Amino acid sequence: MHLSASRLTRVLACAAVPVILTVAGCSSDSGKGSGSDGGKKSDASSSSSKAPSGKSSAKPEKAAFSTLPDPCKALQAKTIDTLVAEAKDKNGTATKSNDLSSRASCSWNGLDEDGLKGSDYRWLAVSLVRYDSHDSLGSGNKRAEEQFTKQVEAAKGTQGAQNLKAEPAGGVGDQATAVTYGVKKDVDFFNTTVVVRTQNVVVTLDYNGASYEGRQAPDAGKLLEGAITAAREIVASVGAANQQGGQQQNGGQQNGGQQQGGQPQGQPSAQPGQGQGQNPQPQQS
C-alpha cells in the first residue's frame, strides 16, 4: 500500500511520540531506581552539611561594658582621705598595663603617726578586669562570673590567714563577696578583700590596716564597712565611664579581650586580688 509522503511523515511522527515518552519515563525511573543510592547519598551529604555541629552557632551577647575608669580616679578624694589617712600619694600609684580598657589597678598606702600614741598604717588596692564576649570562650558576663569565683577562692586561700570569714556583700554590683581575716607579721594585720562582679567587669578591692607602738588595733568592722563603701563607689565609676563615651576616650583599645584575628588575649600576668595577705610593710617617710 502506497502512502503519500505527507501522510507517511504524520504516521512516523505519531509513532515516535510514545518512544520519546518511554525514554523519558525510563530516564526518570532510572533516577529513582538504579540511581537511587546516589540520590540518597547526595541527600545525606547535603543534610550532613546542614546539620548542626553540636555547638550552638549563636554568638554570645555583646558585653555590657567596653572600657574601664581610671583606677586612681575611681574613688573620690574624700574616700581616700577617710580610708588611707596621710596617704603618701593621694593620687595613688597605678600599675602598668598594656591595655587600660581591659585591666587596670591602683594602690594607696599611708602611715598616720601620732607621736607617743603610736601610729596607724593603711593600705588600699583596687584592681579591675574587664572581659569581652568571645565566640569560643563565651559571653563577657560568663567569663567575669568565672573570674569572680576564682578571686573569691584566692582570697579565702590566703596563706597564714586567721579567723577567716566570707560572706555576701549585699547591694554591690551583680555579685559581691567580702572576705575578712587576720595575718600575723611583726604586728597583727587586719585584712578585708571585697570581690565584686558588675556585668562583665570584676573588681577586687584589698584593704588592710595595722597599728604600731601601742596604738589601738584597727576595728575590723570599720575596715569592712569602709571597703564595701569603696567597692560600691568603684562599681558606680565603671558605669559612669561607659556612659560618658569611654569607647572614644580609649581610641583603638576596645579589643582588650581579644587580639586581632579573634584570638582571646591572655589573662593578666598577675591576677588582681592575689596580693591579699602580702601586706606591704609601712615605710617611715
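The values are calculated or read from the model by the stated rules, or taken from the named source; none is laboratory data. The model shown is predicted, which means the values in this text are computed figures rather than measured ones. Every residue, glycine as well, gets a Cβ built from its backbone with ideal geometry; the counts of neighbours run over all protein chains shown. The accessibility values were calculated without ligands, DNA or RNA, using every heavy atom of the protein model including side chains. Shrake-Rupley method; radii C 1.70, N 1.55, O 1.52, S 1.80 Å.
Among the residues making up the range 132-142, a single one is small (Gly, Ala, Ser) and buried (at least 23 other Cβ atoms within 10 Å of the Cβ): Gly140. Would you confirm whether any residue within the range 113-131 is open to solvent by 60 Å² or more (accessible area, probe 1.4 Å), under 18 Å from Val196 (Cβ atoms) and out of contact with any His (no Cβ under 9 Å at 6 or more places or on another chain)? No, that holds for no residue.
Glu167 meets each of the listed conditions (1) at pLDDT 95 or above; (2) farther than 27 Å from Ala240 by Cβ; (3) buried (at least 16 other Cβ atoms within 10 Å of the Cβ); (4) not aromatic (Phe, Trp, Tyr) apart from (3). Of the residues Lys32, Lys40, the single one that is over 30 Å from Ala210 (Cβ atoms), in contact with a helix residue (DSSP H, G or I) (Cβ under 9 Å, 6 or more places away or on another chain) and at pLDDT below 50 is Lys32. Screening Asp188 with (1) open to solvent by 30 Å² or more (accessible area, probe 1.4 Å); (2) at pLDDT 95 or above; (3) of a type in the set (D, E, K, R) gives one miss only, at (2). Taking the criterion of being in contact (Cβ under 8 Å) with a residue 40 or more places away in the chain, within 18 Å of Val203 (Cα to Cα) and open to solvent by 90 Å² or more (accessible area, probe 1.4 Å), the only residue of the range 143-164 that qualifies is Lys150.
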